[in-house]
Structure formats: C-alpha cells, structure tokens
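The values are calculated or read from the model by the stated rules, or taken from the named source; none is laboratory data. Everything numeric here is computed off the predicted structure, so don't read it as measured data. Cβ sites come from the backbone with ideal geometry, for glycine too, and all protein chains shown count toward neighbours.
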Amino acid sequence: MLIFSHVNMKIKFELNQLVEVSNKVKNHLSANVVLISGEMGAGKTTLIKQILSLLDVIDNVSSPTFSIINEYLTKNDQVIYHIDLYRIKSINEIEGIGLFEYLESGNLCFVEWGEAIENLIDLEFNKFIISKKNNSRIIEKIK
C-alpha cells in the first residue's frame, strides 16, 4: 500500500511500487545534487537506477560501489553522475577523486551515502532518506 504525505514528501511503499515512487521522487528534485542515505540494503541503488531510467539514461546503469563514480548519458546528451561514497573513509579520498568538481559541474549528481559529505558542501542539495520496515520501505525528503 502506497502512503504519501504531501507535507514533507514522505512515502511508505512496497517494492512493486518502485516506478511510481521513483517518479514522485524525481518530481521533488529541486537541486542538481541529490544525497540519498539509508542503511545497507534499504534500496538506494535500486531507487537511483529507476530514477535514471525515468530520466532517459541510455547507458547501462550499475552500482558505483567499487568505481565510486559512474557517468551516464541521457537521450538528450545530458550527463548524470551516480556516486557511491560507501568505501570512502576520509576527506583526502574525496578530494583525490575530484568529487567536488563533479558536484559543482551543474550536472545532476546522485550521491549514495550522502551523509558523508553533507557538511562539506556549500551547494544547494536535496536529501532523501530510505528506511526498511518489514517488507516495506519509507522514503522521506529531508531537504
């Protein structure tokens, strides 16, 4: 059962409602930097893959857990970055991969484990938190 609150965009959903939920999240994006947080296995990558599909990404979308940053192209030749900070342990590593250049590029950037950089960026960003509750998920837009 999909439960949606308009006040702060909080949605409780089942995994078979992912397309509908992803569309709602996509429509609530108001910044180019999108931080997605949640425990391991909550569905961060799955959600981002579905949103990228809705944004007409033509490349094969895969988890950037080991590559850290994946770059995708849309049908309109727009570049979208998908960043996974799970394996990053220090600010030096973040600077070493040029993360801030990606975030400041003006391109849409989805950042998994975004809480790692939330206090380090001066850019406007959206923040979503996904949590698991039994077989359901809850996604909430915090910022």
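Criterion first (without any contact (Cβ under 8 Å) to a residue 12 or more places away in the chain and not in a helix (DSSP H, G or I)) does Asn92 satisfy it? In short, no. Look at Val19 and say whether it is without any contact (Cβ under 8 Å) to a residue 40 or more places away in the chain, outside any helix (DSSP H, G or I) and over 19 Å from Leu103 (Cβ atoms). Criteria not met by Val19. Would you mention how many residues in the stretch 27-56 are among the β-branched types (Val, Ile, Thr) and either surrounded by fewer than 19 Cβ atoms within 10 Å (Cβ to Cβ) or at pLDDT below 90 (or both)? Number of matching residues: 1.
Within the stretch 90-115, restricting attention to residues that are aliphatic (A, V, I, L, M) and surrounded by 20 or more Cβ atoms within 10 Å (Cβ to Cβ), which residue is farthest from Lys143 (Cα to Cα)? That would be Leu99.
Under 10 Å from the mean Cα position of the chain (by Cα) and among the small types (Gly, Ala, Ser): does that describe Gly114? Judged against the criteria, Gly114 is a match. Counting the residues of the stretch 69-92 that are modelled with pLDDT under 90 and under 15 Å from Glu112 (Cβ atoms) gives 2. Taking the criterion of being of a type in the set (A, V, I, L, M, F, W, C), within 15 Å of Ile142 (Cα to Cα) and in a loop (DSSP other than H, G, I, E, B), the residues of the stretch 24-51 that qualify are Leu29, Ala31. Can you find a residue that is buried (at least 16 other Cβ atoms within 10 Å of the Cβ), part of a loop (DSSP other than H, G, I, E, B) and among the hydrophobic types (A, V, I, L, M, F, W, C) anywhere in the stretch 116-132? Yes; the residues of the stretch 116-132 include at least one that is buried (at least 16 other Cβ atoms within 10 Å of the Cβ), part of a loop (DSSP other than H, G, I, E, B) and among the hydrophobic types (A, V, I, L, M, F, W, C).
If you go through the stretch 70-84 and pick out every residue that is more than 12 Å from the chain's Cα centre (by Cα) and either among the β-branched types (Val, Ile, Thr) or surrounded by fewer than 16 Cβ atoms within 10 Å (Cβ to Cβ) (or both), you end up with 8.
Applying the set (1) modelled with pLDDT under 90; (2) hydroxyl-bearing (Ser, Thr, Tyr); (3) loosely packed, with under 15 Cβ neighbours inside 10 Å; (4) under 27 Å from Arg137 (Cα atoms) to Ser63 leaves exactly one unmet item: (3).
Pairs linking a residue in the stretch 96-120 that is over 20 Å from Leu73 (Cβ atoms) to a residue that is surrounded by 21 or more Cβ atoms within 10 Å (Cβ to Cβ) and aromatic (Phe, Trp, Tyr), with Cβ atoms under 9 Å and 6 or more positions apart or on different chains, are Gly114/Phe128.
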